[in-house]
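The structure appears right after this line, and notes come after that.
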Amino acid sequence: MEEMKDDPSFWESLLLSIKTKRATWLVILLTLALAVVTGVVAGPSQLANTIVAGGMWALMAVGLALVFGVMNICHFAHGESFMVGAYVAYFTFTPLQNYLAENPNTFLSTIAPLVSMIVALPAGFILGVIIEKLVFYPLRIRTRRGWVMNAFLLTVGISFVMTNGTMLVLGPNFRGIPRYWEVEPLEFLGVRLTLDRIVAFVVAVISIVSLWLFLQRTRMGRAIRAVSQDETGAEMVGINVNGIHTLTFALATALATLAGASLLFMFPAYPTVGLKPLYIAWYVVMLVGLGNVAGSIAGGFIVAVLQTFTQQFIGVAWEDVVPVAIMILVLLFVPSGIFGSEVKGVQEQ
Amino acid sequence: MNVNTEKTLETKRAPGLTGAWRGFTTALGHVGVSPLGLALFILVALLPLIPPFDQEHILRWLIMGAFLGAQAVAFDFTGGYINVVNFGFAAVLGLGSYTSAILSNELGIVAIHPGWSPWITIWIGALVAGMFGFFLGWLTLRLRGIYAAVMAWFVGIALMGLATNLTDITRGSLGFSPRPLIETTANLPYYYTILAMLALTYVVLRLVTKSHLGLAFQCIGQNIDAARASGINPTRYRIINFTLSCTFAGLLGGFYAHYIGSLTPKTVMHTSKTVEVLALAYIGGRGSLWGGIVTAFPFVFFIEYLRSNLSELPGLHMVIYGVLMILMMIFYPDGLSGLYRWAVEKIKSRSKGE
């Protein structure tokens, strides 16, 4: 957007960007081409599913990017937040459903899934605050040396504790629901989509847009961006840096729990459910460049297209291998991701 | 630097003793073993002959302890020296396991069954894993710290995906049964094999870190730009480091395959296996090599004790383990080796004061 202001012509700047960032455009064009091929060969339904998945991966990745951009933490336990979201949604939705089975109520059964998703948000927020205050705050107070690596390893520990703790308390059982809404799949333009998927996509879009507005338009959002650019500078102008760190972490956790809650029909709740969303969110942020919040949104869709393409033409089992191989290739040529990463801590050892 | 303090300490402690003892400790110092370390090693080696420890299930724990300890050494060689956490460690270990298992396989359940002796194929597995480490080092050479760690993780995921999908030769998640290394049901021969491997891993890697290579590794780990400015080629040393570390990972993987007798990608190559080794290496102390070994034995006993006594609470030992790791990282990142160094300094300064 800023380029448009600086340059007289939008097309000139686009041309310049194509010339200087060949790899980026190559990946974008390749993705579009793959999307078109998938759409033509496998039908528009697959394409619609891809878009829905892309929205969810973007939601996961945005949280990851935010945490890295502001706090310089490579968050390995993001998938565990997803898991918590799935459990929260399950334990709110199932009693509601049981209650509704005895006392049918159309209005209530329409909003029951939304209630369980909304409950997941504050749950995630509180969880984020607890983790930040218990783990990262003490470390930050003690030392900032080797922060990126230490914080990363701490998140590994958190993931370990949360997964096994859940296993201990709730056991390894799968707790899932077949669907949120008992309605027939909607059909338009030859695309059949269940209401669950549509709502999941809408939830992703709404939360990403509101996060974006929050970051751009509010004082607090501006403070978060300030801390991500220069922590010392932010402290000097009177921003409560510790508070911002906690807020950022809690927000990111809440986004992941929301994703977990709205995808409960696809991913049943069990202790290690977070691993796959975590992998994917990591593919996304590594592909676009660590800490690049806007880029992660595009990245979510790119990875979703790659996955669908692999499922369709190579085989479901290769779903993980092929995107990873592509990712490795991309990183070889553009080590800081296709959209670039200009975050303070990336170059730190 | 840790090595040097140990060595000077040993030579200082020696004066009252005979010259032969001094020569012996110096010789030991050359391979990076302190007399205390040697004594502990001999104790551990004799443990299966002492009554409470001569039961088969305790022997199995000891084997797992030595196996985890040796892994922690190989892991610390990368993580503690060049400061790149190899998140694909378990996958590389699994590569060694599978290579060795497939090459020694003589049953027709999978496409390839050459049926070579496991004693030879273990080394081929190590070689293949080493070559893969070379490749991994080359892949990550343009990436720094955290990027390299995550890239290694991705490569590990891809490798595990391959092992799961190439069902013709690995049988995927159905599981694969490698031939036993030794035709016996007793655990004792296996125990001495893994102890020998542990000693080999430790001594070789210690010799490397004591040479000029080790100095270069530490330089790269501390400040890559300063290292480059003083004429160290980070690329070269990183590749050497990855190759060596992965070779030993492959060797240990081969042992594991032929000892445990069943392989699935999930039980060997999963990220959680890397995390286990990482926690051991970090609790033991970064950049010490020996810290992981000293932690591994009590750790395995502790875990197995908890597991057998708290069988109604599955996973509690893992939670305790994780919490311990988190607390260690926040409040005492030097680990066990840091504690040892601190204690040695304390004793030294007290004896000087008297």
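Numbers below:
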{"quantity": "Volume per residue of the C-alpha convex hull in the stretch B:215-354, rounded to whole Å³", "calculated": "177 Å³"}
{"quantity": "In chain A, lysine pairs closer than 30 Å at Cα, eight or more apart or cross-chain", "calculated": "8"}
{"quantity": "Candidates B:THR264, B:THR26, B:THR274: whichever shows maximal mean-square fluctuation once chain B is modelled as a Gaussian network with Cα springs under 10 Å", "calculated": "B:THR26"}
{"quantity": "The stretch B:246-263 - phi-based ³J(HN,Hα) in whole Hz, Karplus 6.51/-1.76/1.60, Gly and Pro as x", "calculated": "6, 4, 5, 4, x, 4, 5, x, x, 4, 4, 4, 7, 8, 6, x, 8, 10"}
{"quantity": "Burial ranking of peptide ranges B:277-288, A:87-98 (average Cβ count within 10 Å, highest at the top)", "calculated": "B:277-288, A:87-98"}
{"quantity": "Loop-located trypsin sites (Lys or Arg not before Pro) in the stretch A:91-157, at most 10 other Cβ atoms within 10 Å (DSSP)", "calculated": "A:ARG145"}
{"quantity": "The stretch A:49-271 pair-distance distribution - Cα-Cα, 10 Å bins, rounded %", "calculated": "8, 31, 32, 19, 8, 2"}
{"quantity": "3J(HN,Hα) from dihedral phi, the stretch B:179-193, Karplus parametrisation 6.51/-1.76/1.60, rounded to Hz, x for glycine, proline", "calculated": "5, x, 5, 10, 6, 7, 9, 6, 8, 4, x, 5, 4, 6, 4"}
{"quantity": "Computed [θ] at 222 nm, deg cm²/dmol, the protein assembly as shown (DSSP H ≥ 4; -39,500 (n - 2.57); rounded to nearest 500)", "calculated": "-24500 deg cm²/dmol"}
{"quantity": "Prolate/oblate/rounded label for the stretch B:42-161 (Cα gyration tensor, a/c 1.5)", "calculated": "oblate"}
{"quantity": "Rg [Å, one decimal], Dmax [Å, integer] - the protein assembly as shown, C-alpha atoms", "calculated": "26.9, 93"}
{"quantity": "Trypsin sites (Lys or Arg not before Pro) within the stretch A:4-103, DSSP loop, no more than 11 other Cβ atoms inside 10 Å", "calculated": "none"}
{"quantity": "Amide hydrogen neighbours beyond the local backbone of A:ARG175, cut-off 5 Å, H modeled", "calculated": "A:ALA269, A:TYR270"}
{"quantity": "Globularity ratio of the stretch B:36-353, using Cα Rg and 2.2 N^0.38 Å", "calculated": "1.00"}
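Values quoted throughout were computed directly from the atomic coordinates according to the rules given, and no laboratory measurement underlies them. The structure displayed is predicted, hence computed values, not measured ones. Methodologically, a virtual Cβ is constructed for each residue, glycine included, from the backbone with ideal geometry; neighbour enumeration extends over all protein chains shown.
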